[in-house]
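Down below is the structure, laid out as structure tokens.
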Amino acid sequence: MLSSTQPVTAWETYRQEFPTLERTTYLNTCSLGPLSQRSRAAMERFMATWEHYGASAWYQTWLGECAALRANFEQLINAPAGSVALAHSISSALSVVASCYPYTERSRIVTTALDFPTIPYQWLVKPGVEVVILPSEDHIQVPLEQWAAAIDDCTALVATSHVLFTSGYIQPVAELACLAHAAGAHILVDGYQAAGQLSVDVQALDVDYYLSGGLKWLLGGPGIVELYVRPELVQQLEPTITGWFAHSTMFNFDAEHFAYADDARRFELGTPALAAVHAAKAGIDLLLEIGVSAVRAREVELVCDLVDRAQEAGLPLKIPPKLEEHAGIVMFPAPDASGAVKALKQQGIIVDHRPGHVRVSPYFYNMPEENEQVIAALKPLILGR
Ligand SMILES: Cc1ncc(COP(=O)(O)O)c(C=O)c1O
């Protein structure tokens, strides 16, 4: 508990937004961001409008809330108005994007073995598509030379993550976009592990697609993701997986004619999860209020502190070599990672595991004392002493 005699920092004030943090040492944002009081209040507002207005809630507030979420995400990633669509998951957004390509002259997709598997899965199941999955020697990153050798004039799309969920490595997205465009290919970036904890400027990065959602660093819970599409592409692409939300005049209910919306809504499918829309908007509001550059500065301090403590304790680490390439995911090689995660849970410390590793992910609301706790608890579990 905070003592009234101690000065309360801004970070401690934001910490009070998250009741979970009173009960546990929560270092697992890269799996699931904790529920904030404002996301809870937003979902309660959603339920109140549902009860009060019934179906007319769509026109009274809900369509407006969807538009506000699209606009919030546009602001967060410096995207122009009308360039963001809502989707139900990263996988469903990928399926709509994937449906835009004919895979004739350009039938190659380039991705990596370190990407979240739902990216390659999307194309592995498509007949006639060659999926190049770049291996990683150090299991942390894929060097640019490997990308350059794989992206060619048969490549339709480079599809990869901004931050790799397996290592916390921040990929050089602007350089990858240059490589893709020089070969005449497009680039799609999954920013689920990046937006919120890193400043993202899709125009400066020069990407064609950028995805993220509430689940993790955007603090909005499951059920909704956002898809940015470069405005020039919005006009050219015609998804063949679609729904009535993609129609230019959806409320005309014209079953015989389909006409794509002029803006990124043409990438949408059907009714979004409205509770999730409310929670997700509140999450982005909080990040816009704090400012993502302040969040990143705090994240660098916490990651640095965690790594220093781990090294002092003699714990093995699998992390990017440079701090400026390291986001808020810290991987500890561990012989029994799932056992270690269970043992930590019994001590009230929530982290996660991925094959062969304990994964610890601090965020702005965590405190150095929590880093100290997790390292003290991990030491005997990993080193056996
Ligand atoms: C980088 C990344 N992409 C995608 C996903 C999940 O995608 P979906 O929304 O389809 O479940 C995750 C994890 O949940 C992830 O870490």
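The values are calculated or read from the model by the stated rules, or taken from the named source; none is laboratory data. The structure displayed is predicted, hence computed values, not measured ones. Counting neighbours? That spans all protein chains shown, and the Cβs are built from the backbone with ideal geometry, glycine included. What goes into the accessible areas is simple: the full protein's heavy atoms, side chains included, and nothing from ligands, DNA or RNA. Shrake-Rupley method; radii C 1.70, N 1.55, O 1.52, S 1.80 Å.
For region 243-311, with all protein chains present and a 1.4 Å probe, just round the carbon and sulfur fraction of the accessible area to a whole percent.
Percent of accessible area from carbon and sulfur atoms in region 243-311: 53.
In terms of modelled amide H atoms, which long-range or inter-chain residues lie less than 5 Å from the amide H of SER161?
Residues meeting the criterion, in which the H sits 1.01 Å from N, are ASP190.
I'd like the carbon and sulfur percentage of the solvent accessible area for region 1-136, probe radius 1.4 Å, heavy atoms only, ligands and nucleic acids excluded.
Ligands and nucleic acids excluded, carbon and sulfur give 58 percent.
Within the set of other residues whose C-beta is less than 10 Å from the C-beta of VAL110, count the net charge using Lys and Arg as +1 and Asp and Glu as -1.
That works out to -1.
Over region 127-245, with a single point scatterer placed on each C-alpha, what log10 of the ratio I(q)/I(0) does the Debye formula yield at q = 0.10, 0.20, 0.22, 0.24 1/Å?
-0.33, -1.26, -1.41, -1.50
Between ASP152 and ASP262, what length in nm is gained on full extension when 0.36 nm per residue of separation is reduced by their alpha carbon distance?
Residue separation times 0.36 nm, minus the Cα-Cα distance, leaves 36.5 nm.
Quick check: residue separation of GLU324 and GLU175 times 0.36 nm, minus the Cα distance between them. What number comes out in nm?
Stretched fully, the GLU324-GLU175 segment lengthens by 52.1 nm.
I need to check one value: relative contact order of region 1-158, counting alpha carbon pairs closer than 8 Å and at least 6 residues apart, in percent.
Numbers: 116 pairs, mean separation 23.7, N = 158.
Here the relative contact order equals 15 percent.
Need the C-alpha centroid separation for region 308-348 versus region 249-304, integer Å.
Region 308-348 and region 249-304 have Cα centres separated by 31 Å.
Where in the chain are the DSSP H helices whose alpha-carbon span along the long axis reaches 15 Å or more and whose Kyte-Doolittle mean is at least -0.5? Can you show the working numbers first?
Working: long enough: 37-53 (24 Å, -1.11); 63-76 (20 Å, 0.23); 274-290 (25 Å, 1.35); 292-313 (31 Å, 0.14); 368-383 (22 Å, 0.22).
Result, helices passing both filters: 63-76, 274-290, 292-313, 368-383.
Cross-link candidates for LYS281: which lysines have Cα within less than 21 Å, leaving aside residues fewer than 8 places away along the same chain?
LYS216
What's the magnitude of the charge dipole for the chain around its Cα centre, counting Lys and Arg as +1 and Asp and Glu as -1 at the beta-carbon? Answer in Debye, nearest 20.
The dipole of the chain has a size of about 1040 debye.
Using the heavy atoms of the protein chains alone and a 1.4 angstrom probe, what is the accessible area of region 272-365 per residue in square angstrom?
The answer is 37 Å² per residue.
Report, by chain and number, residues whose modeled amide H sits under 5 Å from the one on LEU134, excluding near sequence neighbours (fewer than 5 apart, same chain).
HN-HN under 5 Å from LEU134: THR111, THR112, ALA113.
In whole Å, largest first, what are the principal axis extents of the Cα atoms in the chain?
Principal extents (largest minus smallest coordinate, Cα): 69, 58, 34 Å.
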